[in-house]
Amino acid sequence: HQEAVQAARAALVEKKDPQMVKRLLEGMWAAQPTDSETPYLLGVAHVLLYDPDKALPLLEGCLTNESRNGNSPQHVDCLYWSGRASAMKAALSWYYRESVVDGLIKSRRAIGAALDRYEQVLAKMPDHVGAMLSQAEYYMAAPYLPPMAYGDVTKARTLVARALALEANNPRAHYLQARLDLYYNGRRDQARTGYARVRQLLERGIGGAE
């Protein structure tokens, strides 16, 4: 089991291949292992494959196993990716809505769960850059979510600036800064420079599974 987990971790972090993670671990999760890393890796893989409905129960399983094992540092990772999965569910609920009301209800519920997870992450780890950037996306009134009273560009600017101060080469932070420059700051030239910076960072292999 441990060899498969190690191989799955390498597939996710080094090769960025969520399909390989599924092949390595899905059968093992069916046996309900008591470790937290198996459901964590599978859950992240499903988020990266745009399947939040499969990711969420796996990440909840990760949190359950973590609580039994004494809340190791991986507890924060499980919380964070559970938030990412909920945010993705919010977006998909709105995009594939059967009606405006249906989309609003499902999307609000999911984004509320995501924000709660991000707050839990930051309470445990105040400098968690991923959670900051996820909150910033929410405050930037992401176009893939329904119109709600959540836009707060000032908060988004503060969060992105703080993230860049902590991780100057974070591709996601540079991407969100470029979006701020393009859509909110009226700085098209800086936005173009920012998007070019993101491409350069990604070409150098900088950035995790996200």
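Would you compute, from DSSP H runs of 4+ residues alone, the mean residue ellipticity of the chain at 222 nm, taking -39500 (n - 2.57) per run and dividing by the full residue count, rounded to the nearest 500?
Numbers: 10 runs with 154 residues, N = 210.
Calculated mean residue ellipticity at 222 nm is -24000 deg cm²/dmol.
Can you work out the FRET efficiency for the pair VAL101 and GLU60, with r the C-beta to C-beta distance and R0 = 25 Å, to the nearest 0.05?
On the way: r = 27 Å, r/R0 = 1.09.
Efficiency for this residue pair is about 0.35.
Viscosity 0.692 mPa s, temperature 37 °C: Stokes-Einstein D of region 9-84 from its Kirkwood Cα radius, in µm² per second? Provide the component values of the computation, followed by the final result.
Details: Rh = 12.0 Å.
D = 273 µm²/s.
Considering only protein heavy atoms, what is the solvent-accessible area of SER99 at a probe of 1.4 Å, reported in Å² to the nearest 10?
Taking all protein chains as shown, SER99 has close to 50 Å².
Just how much of HIS75 is accessible, in Å², when a 1.4 Å probe is used and the result is rounded to the nearest 10?
Solvent-accessible area, nearest 10 Å²: 30 Å².
State the dimensionless ratio Rg/Rh of the chain (Rg: radius of gyration of Cα atoms; Rh: Kirkwood radius). All intermediate terms of the calculation are to be shown ahead of the outcome.
Numbers: Rg = 17.6 Å, Rh = 18.0 Å.
Using Cα coordinates only, the ratio equals 0.98.
What angle, in degrees between 0 and 90 and rounded to the nearest 10, separates the Cα long axis of helix 52-68 from the longest principal axis of the Cα atoms of the chain?
It works out to around 60 degrees.
Hand me the tally of lysine pairs in the chain: alpha carbons under 21 angstrom apart, and the pair either on different chains or 8 or more positions apart.
Values: LYS16/LYS54; LYS22/LYS54; LYS22/LYS89; LYS54/LYS89; LYS54/LYS106; LYS89/LYS106; LYS124/LYS155.
Eligible lysine pairs with Cα atoms under 21 Å apart amount to 7.
Over the Cα atoms, compute the radius of gyration (one decimal) and Dmax (the largest Cα-Cα distance, rounded to a whole number) for region 74-189, in Å.
When restricted to Cα atoms, region 74-189 yields Rg and Dmax of 14.3, 42 Å.
The values are calculated or read from the model by the stated rules, or taken from the named source; none is laboratory data. What you are looking at is a predicted structure, and each value in this text was computed from that prediction instead of being measured. Note that we place each Cβ from the backbone using ideal geometry, even for glycine, and neighbour counts take in every protein chain shown. What goes into the accessible areas is simple: the full protein's heavy atoms, side chains included, and nothing from ligands, DNA or RNA. Shrake-Rupley method; radii C 1.70, N 1.55, O 1.52, S 1.80 Å.
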